Amino acid sequence: MVNYKDLGLVNTRDMFAKAIKGGYAIPAFNFNNMEQLQAIVKAAVETKSPVILQVSKGARNYANQTLLRYMAEGAVEYAKELGCEKPEIVLHLDHGDSFELCKSCVDMGFSSVMIDGSHLPYEENVALTKKVVEYAHQFDVTVEGELGVLAGVEDEVSAEHHTYTNPEEVIDFATRTGCDSLAISIGTSHGAYKFKPEQCHVDPATGRLVPPPLAFDVLDAVMEKLPGFPIVLHGSSSVPQEYVDMINQYGGKLEAAIGIPEDELRKAAKSAVCKINIDSDSRLAMTAAVRKVFAEKPAEFDPRKYLGPARDEMEKLYKHKILNVLGSDNKLSC
Ligand SMILES: [Zn+2]
């Protein structure tokens with residue numbers, strides 16, 4: 001049993017309270033490997049932003065959860081080495097699907113866990129979330145619950161259609177489970193193909209496809225029911241056209257990949273939405289950079305020569321998100 005405090009990590013409680021008050025959102029970036037983690041930590045330190053490192057079930061299977069936990073511990077030390085004496089880094093389990101998994105993460109030093117019971121009947125979701133909260137809170141680990149179902153595919157989480165969060169359920173859910181934050185469904189979705197082209201219209205100025213707007217009326221209704229309660233948006237990559245173009249230019253095949261416009265996320269970040277999950281965008285940045293090296297330097301075989309540029313591209317992306325979308329920069333004293 002290791003407590004996250006001994007690793008220099010923090011939970012989300014104060015971080016979210018400040019974010020809601022300050023009208024910004026904390027970036028929650030998924031990580032699976034060293035280059036991603038280096039890019040996240042550098043971007044957070046250089047912009048003085050708090051950050052949430054997310055580990056999904058897929059990441060645990062790919063990289064091993066013990067190794068990821070030690071990497072997160074290393075991230076705190078790395079941030080200090082980069083000159084940030086008091087980094088605010090959360091290690092969070094993304095889409096926990098059972099009590100046992102959440103417990104194992106709490107026991108190994110995670111400072112925050114998500115229990116995703118959104119696919120269950122309502123009462124079962126309440127019971128499972130409550131059980132995780134009761135365990136996690138003994139160790140001051142914060143818990144994210146979810147109400148409503150997001151469309152799309154993320155590792156092993158997938159659903160064909162959204163079911164928007166029902167604002168009538170949120171007070172009951174938050175009160176009975178005691179969860180610290182709530183992921184809601186307002187039209188964001190997992191993956192790089194968030195919308196079908198036929199759902200979009202063409203912007204005459206840019207010729208680009210513009211997806212249907214997020215359901216801000218649902219968000220407003222949730223905020224009215226639970227004033228000041230931390231809200232989380234999953235599936236909030238924007239799928240930058242420059243990366244899609246770069247991937248396709250260098251031999252890839254991503255057709256009609258469409259994300260959430262950054263303007264909408266900017267608007268959400270100013271509200272009670274205090275955690276915005278971004279995963280696909282860094283996958284795209286990494287893939288674009290690697291493909292470019294492979295196409296331009298076919299004789300290259302040193303992984304550092306293509307993973308290095310991939311890391312730089314991800315760092316650029318993370319900084320852009322922090323500075324221009326979420327507004328979480330300059331919130332640390334270091
Ligand atoms: Zn998610």
Residues of the range 111-126 satisfying the condition of being buried (at least 16 other Cβ atoms within 10 Å of the Cβ) and either within 16 Å of the ligand (Cβ to nearest atom) or assigned to a helix (DSSP H, G or I) (or both): SER112, VAL113, MET114, ILE115, ASP116, GLY117, SER118, ASN125, VAL126
Candidates SER328, SER333, filtered to the one that is under 24 Å from ILE20 (Cα atoms), more than 16 Å from the ligand (Cβ to nearest atom), surrounded by 17 or more Cβ atoms within 10 Å (Cβ to Cβ) and polar (S, T, N, Q): SER328
Anything in the range 247-263 that is assigned to a helix (DSSP H, G or I) and buried (at least 21 other Cβ atoms within 10 Å of the Cβ)? List them, or say none. ILE247
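Rundown of residues vs (1) more than 26 Å from CYS334 (Cβ to Cβ); (2) not basic (Lys, Arg), yes/no style:
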site: LYS18; (1), (2): no, no
site: LYS57; (1), (2): yes, no
site: THR66; (1), (2): yes, yes
site: LEU82; (1), (2): no, yes
site: LEU101; (1), (2): yes, yes
Can you confirm whether the range 135-157 contains a residue that is touching a helix residue (DSSP H, G or I) at 6+ places or on another chain (Cβ under 8 Å), modelled with pLDDT of 95 or more, crowded, with 16+ Cβ neighbours inside 10 Å and in a helix (DSSP H, G or I)? yes
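Mind counting the residues in the range 76-89 that are of a type in the set (A, V, I, L, M, F, W, C), out of contact with any Pro (no Cβ under 7 Å at 6 or more places or on another chain), under 20 Å from MET15 (Cα atoms) and surrounded by fewer than 24 Cβ atoms within 10 Å (Cβ to Cβ)?
Here is the first cut: in the range 76-89, the residues of a type in the set (A, V, I, L, M, F, W, C) are 76, 79, 82, 84, 89.
Filter again for out of contact with any Pro (no Cβ under 7 Å at 6 or more places or on another chain), leaving 82, 84, 89.
Keeping just the survivors that are under 20 Å from MET15 (Cα atoms) gives 84, 89.
Those left that are additionally surrounded by fewer than 24 Cβ atoms within 10 Å (Cβ to Cβ): 84.
Residues that pass the stated criteria total 1.
One line per residue, one yes/no per condition, for (1) within 16 Å of the ligand (Cβ to nearest atom); (2) at positive phi:
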{"residue": "ASP140", "(1), (2)": "no, yes"}
{"residue": "LEU147", "(1), (2)": "yes, no"}
{"residue": "HIS162", "(1), (2)": "yes, no"}
{"residue": "PRO167", "(1), (2)": "no, no"}
{"residue": "ALA192", "(1), (2)": "yes, no"}
{"residue": "GLN199", "(1), (2)": "no, no"}
{"residue": "GLY207", "(1), (2)": "no, yes"}
{"residue": "ILE247", "(1), (2)": "no, no"}
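With respect to THR188, is the statement that it is of a type in the set (Ser, Thr, Tyr) and closer than 22 Å to ASN11 by Cβ true? Spell out the reasoning first.
Working: of a type in the set (Ser, Thr, Tyr): yes; closer than 22 Å to ASN11 by Cβ: no.
No; evaluated as a whole, the condition is false for this residue.
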Residues of the range 220-237 satisfying the condition of being surrounded by fewer than 23 Cβ atoms within 10 Å (Cβ to Cβ) and either at pLDDT below 95 or part of a helix (DSSP H, G or I) (or both): ASP220, ALA221, MET223, GLU224, LYS225
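Criterion first (within 20 Å of the chain's Cα centre (by Cα), under 30 Å from GLY22 (Cα atoms) and away from the ligand (no atom under 16 Å from the Cβ)) does PRO212 satisfy it? Lay out the reasoning, then the answer.
Details: within 20 Å of the chain's Cα centre (by Cα): no; under 30 Å from GLY22 (Cα atoms): yes; away from the ligand (no atom under 16 Å from the Cβ): yes.
Against the criterion (within 20 Å of the chain's Cα centre (by Cα), under 30 Å from GLY22 (Cα atoms) and away from the ligand (no atom under 16 Å from the Cβ)), PRO212 does not qualify.
Just to verify a result, which residue in the range 222-239, among those that are of a type in the set (Val, Ile, Thr) and within 20 Å of the chain's Cα centre (by Cα), is nearest to the ligand (Cβ to nearest atom)? It would help to see each step written out before you state the result.
So in the range 222-239, the residues of a type in the set (Val, Ile, Thr) come out as 222, 231-232, 239.
Next, only the ones that are within 20 Å of the chain's Cα centre (by Cα) stay: 231-232, 239.
Details: ILE231: 14, VAL232: 9, VAL239: 15 Å.
Filtering the range 222-239 for residues that are of a type in the set (Val, Ile, Thr) and within 20 Å of the chain's Cα centre (by Cα), the one nearest to the ligand (Cβ to nearest atom) comes out as VAL232.
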Neighbours by Cβ (under 7 Å, 6+ apart or cross-chain): first from the range 276-300, under 10 Å from GLU313 (Cα atoms); second within 14 Å of the ligand (Cβ to nearest atom) and in a strand (DSSP E or B): SER282/PHE29
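Output the residues belonging to the range 269-298 that are part of a helix (DSSP H, G or I) and basic (Lys, Arg).
Pass one, the range 269-298, residues part of a helix (DSSP H, G or I): 269, 280-296.
Selection gives ARG283, ARG291, LYS292.
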Of the residues ALA39, ALA59, ALA75, only one is closer than 16 Å to ASP6 by Cα and part of a helix (DSSP H, G or I); which? ALA75
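Of all residues in the range 99-110, how many are surrounded by fewer than 21 Cβ atoms within 10 Å (Cβ to Cβ) and touching a residue at least 12 places away in the same chain (Cβ under 8 Å)?
Final tally of qualifying residues: 6.
Yes/no per residue for (1) farther than 22 Å from ALA256 by Cβ; (2) crowded, with 24+ Cβ neighbours inside 10 Å; (3) not basic (Lys, Arg):
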{"site": "ILE276", "(1), (2), (3)": "yes, yes, yes"}
{"site": "SER282", "(1), (2), (3)": "no, yes, yes"}
{"site": "PHE301", "(1), (2), (3)": "yes, no, yes"}
{"site": "LYS305", "(1), (2), (3)": "yes, no, no"}
{"site": "LYS319", "(1), (2), (3)": "yes, no, no"}
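The values are calculated or read from the model by the stated rules, or taken from the named source; none is laboratory data. The model shown is predicted, which means the values in this text are computed figures rather than measured ones. In this analysis, Cβ positions are derived from the backbone assuming ideal geometry, glycine residues included, and neighbour counts consider all displayed protein chains.
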